[in-house]
1. If we count every other residue with Cβ under 14 angstrom of Gly145's Cβ, Lys/Arg +1 and Asp/Glu -1, where does the sum land?
2. How many angstrom lie between the C-alpha centres of region 27-96 and region 235-302?
3. Once the chain is represented by equal point scatterers at the alpha-carbon sites, with solvent omitted, what log10 I(q)/I(0) does the Debye formula produce at q = 0.07 Å⁻¹?
4. List the relative contact order of region 224-346 as a percent without decimals, with contacts defined as Cα pairs under 8 Å and 6+ residues apart.
5. So what is the calculated 222 nm ellipticity per residue for the chain, using -39500 (n - 2.57) for each DSSP H run with n of 4 or more, over all residues, to the nearest 500 deg cm²/dmol?
6. Return the Rg/Rh ratio of region 334-415 with Cα-based radii and a Kirkwood Rh.
7. Say each of Asp270 and Ala327 gets a label point 7 Å from the Cα, pointing the same way as Cα to Cβ; how far apart are those two points in nm?
8. For the residue pair Ser355 and Glu440, what label-to-label distance in nm results when each label sits 7 Å from Cα along the Cα-to-beta-carbon direction?
Amino acid sequence: MTANEGIRDLLVIGGGINGCGVARDAAGRGLSVTLAEMSDLASATSSASTKLFHGGLRYLEYFEFRLVRESLIERETLLRAMPHIAWPMRFVLPYHPGMRFESDTPTSKLLNTVMPWMRGRRPAWLIRLGLLLYDNLGGRKILPGTTTIDLTTAPEGRALQSRFAKAYEYSDCWVEDARLVVLNARDAEARGAQIMTRTQVMSAEAKGGIWHVTLKDTRTGAAQVIRARTIVNAGGPWVGDVIRDTVHSRSTDSVRLVRGSHIVTRRLFDHDKCYFFQGTDGRIMFAIPYETDFTLIGTTDQEHDDPDVPPVCTPEEQTYMVDFVNAYLAQPISVDDIVWTYSGVRPLYDDGSSSATAATRDYTLKIDKTAGAPVINIFGGKITTYRRLAEGVMDLVRDLSPGLPGKWTAGVPLPGGDFAVSEVDAKIADLARAYPFLSEAWARRMIRAYGTDAPSVLGAAKSAAGLGQDFGATLTAAEVDWLMDREYALTADDIVWRRTKLGLRLAGQEIATLDTYMQRRSIAAAAE
Ligand SMILES: Cc1cc2nc3c(=O)[nH]c(=O)nc-3n(C[C@H](O)[C@H](O)[C@H](O)COP(=O)(O)OP(=O)(O)OC[C@H]3O[C@@H](n4cnc5c(N)ncnc54)[C@H](O)[C@@H]3O)c2cc1C
């Protein structure tokens with residue numbers, strides 16, 4: 001064995017969207033890659049987002065034109081690569097004159113100077129101007145542009161109080177965030193990457209310019225050392241811990257942790273558009289059709305000190321979000337209507353902003369060699385910009401290893417996404433024909449989750465019974481086995497909250513039965 005044998009080109013720390021996106025891009029360029037995730041893929045921030053591929057209309061008020069433009073262009077690139085897990089969505093923005101800016105946005109300050117009589121209000125013409133920019137900054141081909149709707153007659157007005165007479169309607173996209181992560185991991189592995197879940201990076205030491213990295217299997221406690229030329233620190237909320245405690249670098253960059261929470265209620269309106277509500281405090285709130293029978297409401301911005309403290313949606317945040325949407329809804333809701341909540345922590349680059357809402361959502365990539373070998377630290381970013389972020393990381397890797405092949409991921413579908421955006425309904429109908437025992441909702445769920453991989457999940461089954469044990473809510477052993485064999489699922493939570501969202505429909509006992517089944521199957525596989 002030569003001295004260089006067994007040295008990986010990249011060790012990626014973190015199996016969120018940024019780590020998995022980087023692993024995929026790097027593996028596709030021929031680099032040898034190991035990705036270590038201490039828990040499940042997407043177990044942290046990347047399954048807790050609002051799940052929008054969006055330009056971020058509100059970032060225009062912060063003059064974040066680079067981020068908005070890149071994100072707007074990226075929406076359609078991503079949509080084309082994953083028409084199963086992402087889809088276009090229309091956003092209804094009701095207008096009323098009381099809408100206000102957060103007081104320290106650059107736009108608000110500018111307007112207060114030139115039009116002091118506005119006193120922090122967001123005028124209709126400014127929203128229209130913002131939407132005009134939004135429509136035109138980012139090369140739209142699939143998504144329709146902005147329209148105005150009369151809420152006194154349009155169906156979208158029915159769920160709202162009668163004082164809202166007018167709304168703007170614009171386009172963005174929805175994405176199943178946790179599935180996006182796992183599909184990137186699968187594609188990375190198909191291109192040669194090694195994906196290790198339940199594997200914590202404990203320490204990394206540079207010797208002769210090569211990283212010696214100690215990994216721990218978090219289930220067995222077993223440790224191993226691997227060597228790598230470059231570390232990519234995609235630790236999300238733990239990015240600072242990795243810098244300080246794992247690679248011991250002298251980087252002075254720091255992360256600002258901002259918690260965002262969501263609440264889920266039973267379905268509050270009977271159309272497939274999302275509401276974009278503006279508050280009197282300058283913040284915004286989405287109310288989004290979710291998992292057919294539910295409505296997703298979010299989000300908040302709260303400082304969060306410690307990544308090891310699991311984020312939860314506090315009673316105050318729940319009340320805040322309920323009150324926020326009640327200022328719009330014809331039928332008010334209460335906290336008793338909440339059926340589920342989730343929270344995530346944004347690992348933002350600390351740009352010194354005064355408020356959590358104002359801190360930049362743009363990503364910052366920093367290469368640091370102060371510990372004796374290169375580590376690329378990732379701060380911030382959005383689900384929407386993960387692919388571009390990965391390209392940015394590869395640009396830094398190219399500086400270290402000239403001759404690296406160029407960009408390739410734009411236009412290359414993720415697993416199961418090799419069909420056109422317009423073909424989704426046809427794919428659902430095809431699947432229902434091939435498996436006549438599926439209900440329409442079941443066939444839709446399979447295509448939305450697995451796309452053209454759906455037949456491989458269902459196999460040769462001729463009836464529902466042919467799919468093996470029924471865990472409830474159309475989840476069967478065939479799907480569970482596939483998720484364990486192909487998508488790194490190890491526990492019931494991995495399946496009911498990340499590979500799917502069937503946790504919303506399954507009872508506690510059903511989830512416990514699923515967990516037992518998965519544990520037995522893992523033990524049987526280990527014994528073989
Ligand atoms: C409330 C909220 C709403 C959002 N909404 C949107 C949205 O609608 N659209 C959008 O584009 N973006 C949105 N975002 C932003 C987006 O979710 C994040 O930018 C993105 O998920 C961050 O991904 P990540 O891979 O950097 O971090 P994470 O997903 O947190 O992944 C980091 C991973 O690193 C692992 N890790 C850490 N340390 C170690 C170690 N030592 N060893 C092994 N593994 C380790 C962790 O377990 C974790 O899984 C939202 C964020 C929040 C919080």
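Derivation of every value follows stated rules applied to the coordinates shown; laboratory data play no part. Keep in mind the model is a prediction, meaning the values are calculated, not measured. Cβ atoms come from the backbone with ideal geometry, glycine included; neighbour counts cover every protein chain shown.
1. +1
2. Computed from Cα coordinates, the inter-centre distance equals 12 Å.
3. Each listed q corresponds, in turn, to -0.40.
4. 31 percent
5. -9000 deg cm²/dmol
6. On the Cα set of region 334-415, Rg over Rh gives 1.12.
7. 2.9 nm
8. 4.4 nm
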